[in-house]
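Readers should treat all values here as calculations from the given coordinates under stated rules, not as data from a laboratory. Nothing here was measured: the structure is a model prediction, and the numbers come from that model. Positions of Cβ are generated from backbone atoms using ideal geometry, with glycine treated the same way; all protein chains shown enter the neighbour counts.
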Amino acid sequence: MSKLILGLMIGLIVGGALTFLLFVGVPRAAQTPGSPIKAPDVSAPAGSAQIVLKQEFFNEILTTIFRDMSDPAFPLAVAANPVDEQPHITHAVFQDGQLCDGKITVREEGSGVRTSVRFENNRISAPFAFAGNYYTPFGCIQFTGWAQANLELRYDAAARTVFGRINVETVNLDGVNPIVGGIVTPLVQTTLNNRVNPIPVLSGDQIAIDVPIASAAGRLRATVNDVRAEFRDDALNLYVIYAFKGAPIQ
């Protein structure tokens, strides 16, 4: 059963990488496949493996990123291209000896907020601090602030993959006038929602089971049939529900 254990550990690592991908991301289409993951009909459904994740696990990953790597940064989305859904971005320029590269940078702490992952009210929330700049014909706009986002988990049965979809709910800028805020706020929200989503969290192929059982002259095989999730005891419980099948050794 070592392969089963290894497979589940791989799945756990992939799930842990969710936080890394959440803030590093790659350009993707904003549409997230699949349907929202539902709670199980009964706790610990038959034929399921349970993965328990606590918010401290994700926050330790965030601490490592900010401690050992560069702060994650994204080019600001100035306009959406309706053809390929990739954002247009500003070009880097220097003004008064300072670089104005049209990027938003996620910070470990700022504006009275610490970037973190929280499990609250049966959902995953992520407040985070940021700083950025945006070049306009009237000069370079520098801004700081924090945003409140939530993360929705979705399961795509065809791809047997769990995806995450980040949704930035509010953007709070520090000390900017309403005109500047009206420009920067949608830029920040659109950039984060478009550049990060969708987030691959757990692939069914990585935790599928194919174990030889010599004493029974066969192989135990299982594919992911469904994924359910619920919050219990301040932890996120993922239930990976398998469809088991036996086959003779060829």
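Things to note:
- Amide H contacts of Asp226 (H built 1.01 Å from N, in plane; Pro and chain starts excluded): Ile241 sit under 5 Å, all sequence-distant by 5 or more or on other chains.
- Listed values for the range 62-71 are Karplus-derived 3J(HN,Hα) couplings in whole Hz (6.51 cos²θ - 1.76 cosθ + 1.60, θ = phi - 60°), namely 4, 4, 5, 4, 5, 7, 10, 10, 6, 4, and x replaces Gly and Pro.
- Between the amide H of Leu76 and those of Thr90, Lys103, Ile104, distances stay under 5 Å, these residues lying 5 or more places away or on another chain, with hydrogens modeled in the peptide plane.
- Using θ = phi - 60° in the Karplus curve 6.51 cos²θ - 1.76 cosθ + 1.60, the 3J(HN,Hα) couplings for the range 166-178 round to 7, 10, 7, 8, 9, 10, 10, 9, 8, x, 10, 6, x Hz; x is entered for Gly and Pro.
- Orientation-averaged projected area, Cα convex hull of the range 131-250 (nm²): 12.1
- Here the Kirkwood formula, the inverse mean of 1/r across different C-alpha pairs, assigns the range 31-78 a hydrodynamic radius of 15.2 Å.
- For the peptides 231-239, 219-227, the ranking by mean Cβ contacts within 10 Å, running from highest to lowest, is 219-227, 231-239.
- Extension gain from Val42 to Ala159, taking 0.36 nm per residue of separation minus the Cα-Cα distance: 39.7 nm
- Close amide H contacts of Lys38 (hydrogens built in the peptide plane, cut-off under 5 Å, sequence separation of 5 or more or a different chain): Ala229.
- Coupling constants for the range 133-145 follow from the phi torsions by the Karplus curve (6.51 cos²θ - 1.76 cosθ + 1.60, θ = phi - 60°), and in residue order they are 8, 8, 7, 10, x, 9, x, 8, 8, 9, 8, 9, x Hz; glycine and proline get x.
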